[in-house]
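The values are calculated or read from the model by the stated rules, or taken from the named source; none is laboratory data. Nothing here was measured: the structure is a model prediction, and the numbers come from that model. FYI the Cβ positions are ideal-geometry reconstructions off the backbone, even for glycines, and counts take in every protein chain you see. Side chains included, ligands, DNA and RNA excluded: accessible areas come from the protein's heavy atoms. Shrake-Rupley method; radii C 1.70, N 1.55, O 1.52, S 1.80 Å.
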Amino acid sequence: MSKEKKTPQTLDPFQAWSHKWGRLGTVIALAYMVALPFIVLGYYHCIPSFGEVINLSTISILMIYIPVGISEALSYTPILGSSSYLTFITGNIMNLKLPCAVNAMKLAKKEPNTPEGDAIASLAVAVSSVMTVVILALAALFSTWISPVFELPAVKTASNYIIPALFGSLTLGLFSNTNAGNKVVKKGIMGVLPVLILVSVISIFVRVTTGGSLFGMIGFLILIMLPVALISSRIMWKKGIIQVVDKEEKTEEKAEQ
């Protein structure tokens, strides 16, 4: 029997265009980011030695940011799709770009990693980047007049809760969304419970034993918890605790109820 030839899958024209120019833009941005410090240091004849750059201080910083960077690429790319290139180039992913992209796709009722979802996410990230530059420019221009406002005790207290509030709303939005393409996940939150339990136990252990926080372990924790979430979700799916059904079946169940 002759084996059937599988038709190779092709990307949507927009996604192919996004990946092509996204890769090129990433290479240009990396070259610019790496070259600029050397150009400035070379101009002023103050290029440091290798030993002055790579020491215990920089190694401790790299131990935090390298795992964070890897874990961000692994965890955010499935959500951002081809808009990941622009997102990683412009930065401020967790506290700005990711919430903007997720909220934009939610408002437009488009799924991540689809041509429509990638287009919406790219627009959201681009507009967010432009708005960031505009706001920073205005803040620098009027810094003399607005700086006393940020010194007020009420503003200082409120600013401590901005990031937790942002991530709280984003997390609730992600958990409340059970759509996965043309499928619907039932009780998908159960797959996250082992991660929440492990993080809580580790947080309490670190707090009690050292009196410190988990900030320096964030990257490693994400890398560890990603496979924990995937494996626990698969086990629960195999046992029937988590169910994946077609959207049509879910709609029919709601209609019957």
> In the set Ile93, Ile89, which member is within 24 Å of Leu30 (Cβ to Cβ), modelled with pLDDT of 90 or more and of a type in the set (Val, Ile, Thr)?
Replying inline: Ile89
>> With hydroxyl-bearing (Ser, Thr, Tyr), at negative phi and at pLDDT below 80 as the only criterion, which of Ser82, Ser71 stands out?
In response: Ser71
>> Please pick out the residue among Leu30, Leu11 that is over 17 Å from Val125 (Cα atoms) and not in a helix (DSSP H, G or I).
In response: Leu11
>> With the condition being buried (at least 17 other Cβ atoms within 10 Å of the Cβ), I'd like the helices (runs of 4 or more DSSP H) fully within segment 37-123 carrying at least 1 qualifying residues.
In response: 56-80, 84-90, 98-108
>> Quick check on segment 130-151. Is at least one of its residues surrounded by 14 or more Cβ atoms within 10 Å (Cβ to Cβ) and either assigned to a helix (DSSP H, G or I) or in contact (Cβ under 8 Å) with a residue 60 or more places away in the chain (or both)?
In response: yes
> So how many residues does segment 14-29 have that are touching a residue at least 40 places away in the same chain (Cβ under 8 Å) and over 21 Å from the mean Cα position of the chain (by Cα)?
Replying inline: 1
> Quick check: anything in segment 202-212 assigned to a helix (DSSP H, G or I), open to solvent by 50 Å² or more (accessible area, probe 1.4 Å), more than 29 Å from Leu230 (Cα to Cα) and at pLDDT 75 or above?
Replying inline: no
